[in-house]
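I have placed the structure first, in the form of structure tokens, so that the comments after it can refer back to it.
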Amino acid sequence: MNLTDYNEIRALLSRHGFRFSKSLGQNFLTAAWVPERIAEEAGLDGTVGALEIGPGIGCLTEQLSRRAGKVLSVELDKALQPILAETLTGCENVEVLFGDILKQDIPALVKECFPGLTPVVCANLPYNVTTPVLTALIESGCFKRITVMIQREVARRVCAGPGTADYGAFGLFVQWHCETEILFDVPPSCFVPQPKVTSSVIRLTKRDRPPCAVSDEALLFRVIRAAFNQRRKTLVNALSAGLGIGKDTLEEVLLCCGLDTRIRGEALDLAGFVGITDEIYRRNNADL
Ligand code: SAM
């Protein structure tokens, strides 16, 4: 059966009495080129174990099955169980786990399902949980590559550089751990039901080490979050409010880093945030 043909999908779903759930982000692909291209971009071969989040009726799963050594698909909606049992018949290397990806012990799953394989992620993500899912996948440290379709505006945030409206704390978190690329856009007309927004496929490639050395990684992300929590304010005001450090001290910190004391966080690159973090860290420890 053609899992991206609109009429075949409708017939399959009505035969099983399936109803789309908006809260589960259920927009299924109806254009064959999209799952094919996503799977192509994921860099799969027999040595790779692919984790898919949200197989839906299995159109991307089928493409992953053809290319990867093993596929593990985690799906929250149990109503899709009889449908996937039908559509994935013959995909011998696919295992489907019914559960919430946000409640899984990802390193344990990867260890159990992909012994001897290189773990990657490839998925059309449910858009309502994109940020927590990407955060959990990156923090697990398990995956060499993450190739996913997400909302275009989130894709732009993930990949944004300094001085742009999309630049923020989440993008900096992702870029600290991964190299980021936007690969291609997918219009709403490629889905049923059609979402209101355009989608983009991105690829995150795990870095061997962070782009620069920092004295205290947790402090770095406290600094970054504080800077963007109040992004219209100057960095001195935002950091003073977020970290409880006096403004005079923060002005000295910025001057030590060779920065203008009126600078805003959105103008700083990762290395700039690292410089400020190291200077705060140095002063904190000098006080001890
Ligand atoms: N892969 C299919 C496709 O491309 O046509 C479906 C993608 S659809 C955008 C997202 C899928 O994720 C749905 O099947 C939905 O039920 C599932 N889902 C939503 N939240 C989830 C969660 N927390 N854990 C696992 N799956 C989830």
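Expressed as a rounded percentage, what relative contact order does the chain have, with Cα pairs under 8 Å and six or more residues apart? Write down the numbers at each step before the final one.
On the way: 484 pairs, mean separation 42.0, N = 288.
So the answer I get is 15 percent.
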field: Förster radius 30 Å - calculated FRET efficiency between residue 16 and residue 144 (Cβ-Cβ, nearest 0.05)
entry: 0.25
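For the chain, what does the accessible surface come to per residue with a 1.4 Å probe? Please give it in Å². List each step's numbers first, then the result.
Working: 13400 Å² over 288 residues.
Counting only protein heavy atoms, the per-residue value for the chain is 47 Å².
Quick one: putting +1 on the C-beta of Lys and Arg, -1 on the C-beta of Asp and Glu, what dipole do you get for the stretch 217-284 around its Cα centre, in Debye to the nearest 20?
On the way: 10 positive and 9 negative charges, 67 e Å.
So the magnitude is around 320 debye.
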query: If you place +1 on the Cβ of every Lys and Arg, -1 on the Cβ of every Asp and Glu, and leave all else neutral, what size is the dipole of the chain about its Cα centre, to the nearest 20 Debye?
result: 600
- prompt: residue 97 versus residue 281, label points 7 Å from Cα toward the beta carbon: distance in nm?
  reply: 3.4
field: Pairwise centroid distance, computed over Cα atoms, of the stretch 82-159 with the stretch 233-281, Å
entry: 37
- prompt: Please identify the trypsin sites (Lys or Arg not before Pro) of the stretch 136-167 that satisfy two criteria: DSSP loop assignment and at most 15 other Cβ atoms within 10 Å. Which are they?
  reply: 144
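Given 0.36 nm per residue, what is the gain on full extension from residue 113 to residue 271 after removing their alpha carbon distance, in nm?
Values: separation 158, 0.36 × 158 = 56.88 nm, distance 3.76 nm.
In short, 53.1 nm is gained.
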query: Over the stretch 77-174, with a single point scatterer placed on each C-alpha, what log10 of the ratio I(q)/I(0) does the Debye formula yield at q = 0.25 1/Å?
result: -1.45
query: Hey, any idea what % of the chain's accessible area is carbon plus sulfur with a 1.4 Å probe?
result: 48
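Once every DSSP H run of n ≥ 4 in the chain is given -39500 (n - 2.57) and the sum is divided by its residues, what mean residue ellipticity at 222 nm do you get, rounded to the nearest 500 deg cm²/dmol? Write out the running numbers ahead of the final one.
On the way: 12 runs with 121 residues, N = 288.
Result for the chain: -12500 deg cm²/dmol, rounded to the nearest 500.
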statement: Computed for the stretch 32-144: size of charge dipole around the Cα centre, +1 on C-beta of each Lys and Arg, -1 on C-beta of each Asp and Glu, debye to nearest 20, value 160
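First check a/c for the stretch 32-111, with a ≥ b ≥ c the square roots of the eigenvalues of its C-alpha gyration tensor; if it is under 1.5, answer rounded, and if not, answer prolate when a/b is larger than b/c or oblate otherwise.
On the way: a/c = 1.62, a/b = 1.13, b/c = 1.43.
The shape class here is oblate.
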field: Set of lysines near residue 22 by C-alpha distance (under 24 Å), chain-local residues within fewer than 8 positions excluded
entry: 78, 103, 196
query: Taking square-rooted eigenvalues a ≥ b ≥ c of the alpha carbon gyration tensor, is the stretch 6-206 rounded, prolate or oblate, where a/c under 1.5 means rounded and, failing that, a/b exceeding b/c means prolate?
result: oblate
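How would the stretch 217-284 be classified by its alpha-carbon gyration tensor: rounded, prolate or oblate, with rounded meaning a/c under 1.5 and the a/b versus b/c comparison settling the rest? Walk me through the intermediate numbers first.
Values: a/c = 1.16, a/b = 1.09, b/c = 1.06.
It comes out rounded by the Cα gyration axes.
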task: Treat the stretch 160-258 as a sphere of radius equal to its Kirkwood radius over Cα pairs and apply Stokes-Einstein at 20 °C in a medium of 1.002 mPa s; give the translational diffusion coefficient in µm²/s, rounded to a whole number.
output: 133
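The values are calculated or read from the model by the stated rules, or taken from the named source; none is laboratory data. Keep in mind the model is a prediction, meaning the values are calculated, not measured. Counting neighbours? That spans all protein chains shown, and the Cβs are built from the backbone with ideal geometry, glycine included. Ligands, DNA and RNA are excluded from the accessible area calculation, which covers all protein heavy atoms including side chains. Shrake-Rupley method; radii C 1.70, N 1.55, O 1.52, S 1.80 Å.
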